[in-house]
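Taking it in order: structure first as structure tokens, then the write-up.
The values are calculated or read from the model by the stated rules, or taken from the named source; none is laboratory data. Every value quoted in this text rests on a predicted model; they were computed, and no experiment measured them. Every residue, glycine as well, gets a Cβ built from its backbone with ideal geometry; the counts of neighbours run over all protein chains shown. With ligands, DNA and RNA removed, areas are computed over all heavy atoms of the protein, side chains included. Shrake-Rupley method; radii C 1.70, N 1.55, O 1.52, S 1.80 Å.
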Amino acid sequence: MHVYVETRIRADLEDLWQATQDPSQHQRWDLRFGRIDHLDGGLFRYATFGISGTGVSTGTRHAADGSSTSALRFGSRHPLSPIRSGSGYWRYIPTADGVRFLTSYGYRPHVLPTRLMWWATAWSFDRLRLWLETGRTPRRSLCQALAEVFVRAAVILLVASTLPPLAAVAVSAAALALPPLPGTPAARRCLRRPPRPLEKPCPRSSSAPSATRRSPASTPNSSAVSESGSTAAKPA
């Protein structure tokens, strides 16, 4: 099962690289890891809810266009671990206003639902974005997210006990549908799939006059990058 997550972060690539490659920084924003310890030889040990695992960096590549890729493998022999092994990558693609930061990884066995794994990864990516863009610490973002959940739950309980059933259902649905506050991490702000390149225009009829310039629609989208050529990767 594979997971893809992408976001855009208005920050310097070096700052993003440090926040994601330094284990002490990584564990601060990534919901999936309670602890990450660096070992010798590119190895690292991670733990979540007392379940430990190990990983190894399989390579880092810095391309001439300024983009970077970090790949790794990870796994756990713990009998209660829902993930036995996996691999993936992180990519950092500079843009005019920041960095396209994305990950693609696979894991087995497929005990954890892909939707849950995607949500945890995407929520963490948005938490990281808020940290680098606004200075809001990961701990503060988590506290705000929990407070927002508490307020929404309190509103639902209140209307359920005071309003008629139909009105209570309507208000509860509205409370759940409202988007998170701008300062609250939200998985919905991330992409689930790579952005599609612009479609090529239909061929012109032979009777039509030839154009001396291509229309903007015929220009390939330089920001859309195919991931099919990537090797391995990083869990996000």
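Condition (residue is under 23 Å from Leu72 (Cβ atoms), free of Cβ contacts under 8 Å to residues at least 40 places away in the same chain and open to solvent by 50 Å² or more (accessible area, probe 1.4 Å)) applied to the range 164-176: is it met by at least one residue? Can you show your working first?
Here is the first cut: in the range 164-176, the residues under 23 Å from Leu72 (Cβ atoms) are none.
No, the range 164-176 has no match at all.
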Where a residue in the range 55-66 is in contact (Cβ under 8 Å) with a residue 60 or more places away in the chain and its partner, wherever it lies, is exposed (fewer than 13 other Cβ atoms within 10 Å of the Cβ) and in a strand (DSSP E or B), with Cβ under 6 Å and at least six apart = none
task = Could you tell me which of the residues Asp12, Asp37, Asp22 is closer than 25 Å to Leu132 by Cα, open to solvent by 30 Å² or more (accessible area, probe 1.4 Å), touching a His at 6+ places or on another chain (Cβ under 9 Å) and not polar (S, T, N, Q)?
result = Asp22
query = What is the one condition in (1) surrounded by 13 or more Cβ atoms within 10 Å (Cβ to Cβ); (2) on the phi > 0 side of the Ramachandran plot that Tyr4 does not satisfy?
reply = (2)
ask   = Which one is most open to solvent (accessible area, probe 1.4 Å), of the residues in the range 25-34 that are part of a helix (DSSP H, G or I) and of a type outside the set (A, V, I, L, M, F, W, C)?
value = Arg28
request  = Only residues that are of a type outside the set (Val, Ile, Thr), more than 18 Å from Arg139 (Cβ to Cβ) and assigned to a strand (DSSP E or B): list them for the range 35-55, please.
outcome  = Asp37, His38, Leu43, Phe44, Arg45, Tyr46, Ala47, Ser52, Gly53, Gly55
In the range 74-118, residue modelled with the highest pLDDT [restricted to those that are surrounded by 13 or more Cβ atoms within 10 Å (Cβ to Cβ) and part of a loop (DSSP other than H, G, I, E, B)] = Ser76
task = Please state which one of Thr58, Thr69 is polar (S, T, N, Q), touching a Leu at 6+ places or on another chain (Cβ under 7 Å) and not in a helix (DSSP H, G or I).
result = Thr58
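Take the residues of the range 134-159 that are open to solvent by 70 Å² or more (accessible area, probe 1.4 Å), over 25 Å from His26 (Cβ atoms) and not aromatic (Phe, Trp, Tyr): which is farthest from the chain's Cα centre (by Cα)?
Checked the range 134-159; the qualifying residue farthest from the chain's Cα centre (by Cα) is Leu158.
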ask   = Name the residues in the range 40-73 that are of a type in the set (Phe, Trp, Tyr) and surrounded by 16 or more Cβ atoms within 10 Å (Cβ to Cβ), would you?
value = Phe44, Tyr46
